[in-house]
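Report on the following structure.
The values are calculated or read from the model by the stated rules, or taken from the named source; none is laboratory data. Please read all numbers here as calculations on a predicted model, not as lab measurements. Note that each Cβ is placed from the backbone with ideal geometry, even for glycine, and that neighbours are counted across all protein chains shown. Areas reflect the complete protein model, heavy atoms only, side chains present, ligands, DNA and RNA absent. Shrake-Rupley method; radii C 1.70, N 1.55, O 1.52, S 1.80 Å.
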Amino acid sequence: MAYGEKVLDHYEHPRNVGTLDKSDPNVGTGLVGAPACGDVMRLQLRIDDDGIVQEAKFKTFGCGSAIASSSLVTEWVKGKNIEAAGQITNTDIARELALPPVKIHCSVLAEDAIKAAIADWKKKQLGKLDEKQTQAQSEQSLAEAVR
Amino acid sequence: MPLKLPIYMDYHATSPLDPRVLEAMLPYFTEAFGNAASRSHVFGWKAEEAVERSREIIGGLIGASGKEIVFTSGATESDNLAIKGAAQFYREKGDHIITERTEHKAVLDSCKRLEREGFRVTYLNVDKEGRVDPADVERAITDKTILVSIMFANNEIGTIQPIREIGAITRKRGVLFHVDAVQGLGKIPFNVDECNVDLASLTAHKMSGPKGVGALYVRRRPRVRLAAMIDGGGHERGMRSGTLNVPAIVGFARACELAQASMVGEAARVGQLRDRLEAGLTKRLDHVFLNGCKAHRLPGNSNLSFAFVEGEGLMMAIKDVAVSSGSACTSASLEPSYVLRAVGVDEEMAHTSIRFGLGRFTTEEEVDYVIDHVVEKVNRLRELSPLYEMAKEGIDLKSIQWAAH
Ligand SMILES: Cc1ncc(COP(=O)(O)O)c(C=O)c1O
């Protein structure tokens, strides 16, 4: 199978390869796919308090189209707020990379990775809220005890 | 000699035509263009003479006589003719066929079709090395069994089957024995009498002959009968009608001569190159696994899994080297290789497999280049692989709940 130019470009010069600290509360990690299916994508987004994606990193186990799809979405999500990032669809990705029908699942996976990363970040934000609340409560009770 | 890129290491798929084969073929395209079935003039006689001479040479490579060679368009057709032809002809005698799970699709799909027509087929399992246990063949034979079809050597993992042992059983039990001999032909010795083979599929293009020509060996003593699949002018003793492809047949015979003359030396040379390739790769990379069988293997075959690196992704990276992969991504089906699955390679590892096929024109320089190239690219892709990172962190990948998609 011959590869499209954009797939080749991303494959040979993948953008934003790497790892962010997954325990960082501002980092959302999406790990999608399965080794048994031949592709696994890990997309990590650092999202600031305004919900803007500041940094995106990926690592992907998969064919050239899977690697290109994940590389492309790291470029696309950067600087977007999470709403806009979450609206990127597999058709956008497949069209941009001119993926043939047998490779559509790669773009689906990339879309899933964005959604999973955002969901992970949101979960952490809720956790942060809970923490703040418990912290506030404990500070209050401490204050009461001192008084 | 400077290295020429890209390097061809996919000899199981096809092989480059030997220039000596081409030379032998050329006159039969031009001045000796006759139809081998033309009885009335010298053009036909010349073509017929060339065909009959070729028959003897091709038969000679497998210990058969020329009269037992039926020309076909290739081994796919030979497999179809052997299995469907025997099944149809011996239907009165029985309705049961035995084969095994790692056969070529030409065998498996012929059997599947027969199943739809009411035949029963037993698909024997193979062991971790891809070998059929002859005792399993014996146990599977019933009084309704008409045919056993087991390949000589596998096209993905190169495993050589115990053909001689199976042949002794089928002969003793009075069951026909068909062997798809494509991958071993001309590479390692194969003799239809010593192995009690009744039908054997052959093809030219895997042994530096031309594409689109093959043969079915059909035993004469005791005589094996087949129902024809292609009807027409009654060529090839009625078993396969159609004007013979004379230049291709001449080329096939020349390829057999060349293979016979160099078989022992070539097997050793190619085997050493293969071992050099495997030693070089496993010395410089960790997590590399051999799929199949080390001991009973074609000299030119090496099927390796490079853990944490997907096969198609790797092939794209090593674009100067032509190989193939058992990864799903290379087929339209999205299913990884059924051969690897049959030998117990899990799906995850099947996705990381690469098949190297070495042959007559493979050189040591090429092997050394391939080692360097593959090592570099595997390392690059592992840096890109979340699985490699997780494995290095000590995470057991099997403990993760992956979402199948
Ligand atoms: C084991 C085996 N059988 C049959 C075939 C089909 O041969 P052909 O290409 O001549 O139809 C092949 C080649 O793909 C093969 O490897």
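With all pairs of different C-alpha atoms in the average, the Kirkwood value for the hydrodynamic radius of region B:1-103 is 17.7 Å. Relative to the 2.2 N^0.38 Å rule of thumb, the protein assembly as shown has a C-alpha radius of gyration ratio of 1.20. Taking only the Cα atoms of region B:220-273, the radius of gyration and Dmax are 17.2, 48 Å. Please give the FRET efficiency for residue A:134 paired with residue B:396, using the beta carbon to beta carbon distance and R0 = 30 Å, rounded to the nearest 0.05. About 0.35, to the nearest 0.05. Computed from the C-beta positions of residue B:143 and residue B:116 and an R0 of 22 Å, the FRET efficiency is 0.40 to the nearest 0.05.
Basic side chains Lys and Arg get +1 at the Cβ, acidic Asp and Glu get -1 at the Cβ, and with that the dipole of region A:1-122 about its Cα centre reaches some 240 debye.
Summing charges over neighbours of residue B:4, with a neighbour being any other residue whose Cβ is under 13 Å away from its Cβ, gives -3 when K and R count +1 and D and E count -1.
The modelled label-to-label distance between residue B:5 and residue B:268, using points 7 Å beyond Cα along the C-beta direction, is 3.4 nm. Maximal additional length on extending the residue B:241-residue B:171 stretch stands at 22.2 nm, based on 0.36 nm per residue less the C-alpha distance. Extension gain for residue B:223 to residue B:105 (0.36 nm times residue separation, less C-alpha to C-alpha distance): 39.8 nm. The Cα atoms of region B:54-162 define a convex hull whose projected area, averaged across directions, is 7.6 nm².
Distance between the modelled labels on residue B:322 and residue B:56, one decimal in nanometres: 3.6 nm (7 Å Cα→Cβ projection). Within the assembled protein chains, the solvent-accessible surface assigned to residue B:258 is about 20 Å², based on a 1.4 Å probe. Rounded to the nearest 500, the helix-only mean residue ellipticity at 222 nm of chain A stands at -17500 deg cm²/dmol, with each DSSP H run of n ≥ 4 adding -39,500 (n - 2.57).
Surface listing: A:131, B:52, B:366 arranged by accessible area from highest to lowest gives A:131, B:52, B:366, probe 1.4 Å. Here is the tail figure for region B:9-67: Cα pairs spaced more than 19 Å apart come to 48 percent of all pairs. Here region B:60-198 exposes an accessible surface that is 48 percent carbon and sulfur, computed with a 1.4 Å probe and the other protein chains kept in place.
Step through the table entries B:144/B:187; A:57/A:123; B:67/B:105; A:6/A:124; A:123/B:319; A:59/A:123, compare each Cα-Cα distance with 31 Å, and write down the pairs that go over it. Beyond 31 Å between Cα atoms: B:144/B:187; A:6/A:124; A:123/B:319.
The residues of region A:58-84 listed by number as losing at least 50 Å² of accessible area in the complex, against the isolated chain and with a 1.4 Å probe, are A:59, A:61. Note: chain A, Cα convex hull, 104 Å³ per residue.
With the simple spin-label model, which puts each label point 7 Å out from Cα in the Cβ direction, the residue B:37 to residue A:91 separation comes to 5.6 nm. By a 1.4 Å probe calculation restricted to protein chains, residue B:129 has an accessible surface near 70 Å², given to the nearest 10.
A simple count of charges around residue B:59, restricted to other residues whose Cβ falls under 10 Å of its Cβ and scoring Lys, Arg +1 and Asp, Glu -1, yields 0. Kirkwood radius for region B:171-250, taken over all pairs of different Cα atoms as the inverse mean of 1/r, rounds to 14.0 Å.
When B:122, B:159 are compared by accessible area at a 1.4 angstrom probe, the order from most to least is B:122, B:159. The calculated 222 nm mean residue ellipticity attributable to helices in chain B amounts to -12000 deg cm²/dmol, summing -39500 (n - 2.57) over DSSP H runs of n ≥ 4 and dividing by all residues. Taking a point 7 Å from the Cα of residue B:230 along the Cα-to-Cβ direction, the residues of region B:17-44 with backbone N closer than 19 Å to it are B:29, B:34-38. Of B:20, B:116, the order by accessible heavy-atom surface (1.4 Å probe, DNA, RNA and ligands excluded), from most exposed downward, is B:116, B:20. For chain B, the Cα-based Rg and Dmax, in that order, read 22.4, 79 Å.
Taking the average, over residues, of other Cβ atoms within 10 Å as the packing measure, peptides B:205-217, B:340-352 rank B:205-217, B:340-352 from highest down.
Taking Cα atoms only, the orientation of helix B:364-383 departs from the longest principal axis of chain B by about 50 degrees.
Length gained on full extension, residue B:67 to residue B:365: 103.0 nm, using 0.36 nm per residue less the C-alpha separation. Neighbours of residue B:50, meaning other residues whose beta-carbon lies under 13 angstrom from its beta-carbon, give a summed charge of -1 when Lys and Arg score +1 and Asp and Glu score -1.
Among the protein heavy atoms, those of residue A:124 account for about 50 Å² of accessible surface (1.4 Å probe, every chain in place). Normalised by 2.2 N^0.38 Å, with N the number of residues, the alpha-carbon radius of gyration of region B:246-352 equals 1.29.
So for region B:170-304, Kirkwood radius off the Cα pairs, Stokes-Einstein at 37 °C and 0.692 mPa s: how many µm² s⁻¹? After rounding, the answer is 187 µm²/s.
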